[in-house]
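Remarks on the structure that follows.
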Amino acid sequence: FRFKDSLAEDLQSADLVISHAGAGSCLETLEKGKPLIVVINDKLMDNHQLELAKQLHRDGYVLYCNCSTLVETLQSMDLSALKPFPPGQPEKFALFLDKVFEFQ
């Protein structure tokens, strides 16, 4: 895709999403309940995308690969093995901040 203000409509109609491992892209896709294959960019200096992809995979939420193994991943994937991503709980974070900053 070229730059778009929002991918929400595309995500809503997708049966499968293949994305880089940016945190925003991963979370937005998982929150929509879509199966996700994360393609890491192993040329990044600190390779933070790999860390996120591995953790989400260990937790059972995504499949991950790199560009050279994408076709193999698509051929062998079992999307039924992926777990649904739990919904966010922003109220818990707000309560934590209230305690930290003594707003209560």
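The values are calculated or read from the model by the stated rules, or taken from the named source; none is laboratory data. In this text, all values refer to a predicted model and were calculated from it rather than measured experimentally. Cβ placement follows ideal geometry from the backbone for every residue including glycine, while neighbour counts extend to all protein chains displayed. When the accessible area is computed, the model is the full protein with side chains, heavy atoms only, and any ligands, DNA or RNA have been set aside. Shrake-Rupley method; radii C 1.70, N 1.55, O 1.52, S 1.80 Å.
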**Asked** In whole Å, what is the distance between the alpha-carbon centres of region 72-104 and region 1-65?
**Response** 14 Å
**Asked** Counting pairs on different chains as well as pairs 8 or more places apart, how many Lys pairs in the chain have Cα atoms under 24 Å apart?
**Response** 10
**Request:** Considering the options Pro84, Ser68, Leu52, tell which one lies farthest towards the positive end of the dipole of the chain, charges being +1 on Lys and Arg and -1 on Asp and Glu at the Cβ, about the Cα centre.
**Result:** Ser68
**Request:** Can you send over the carbon and sulfur percentage of the accessible area for the chain, probe radius 1.4 Å, protein chains only?
**Result:** 56 percent
**Prompt:** Rounded to the nearest whole Å², what accessible area per residue is found for the chain with the 1.4 Å probe?
**Reply:** 74 Å²
**Prompt:** What relative contact order, as a whole-number percentage, does region 7-101 give when Cα pairs under 8 Å and 6 or more residues apart are counted?
**Reply:** 23 percent
**Reported label for calculated Cα Rg over 2.2 N^0.38 Å given [x] 1.52; [y] 1.94; [z] 1.25** = [z]
**Per-peptide average of other Cβ atoms within 10 Å, ordering 79-88, 54-63, 94-103 highest first** = 54-63, 79-88, 94-103
**Fill in**
Answer in debye to the nearest 20: the dipole magnitude of region 7-101 about its Cα centre, from +1 Lys/Arg and -1 Asp/Glu charges placed on Cβ, is 240 debye
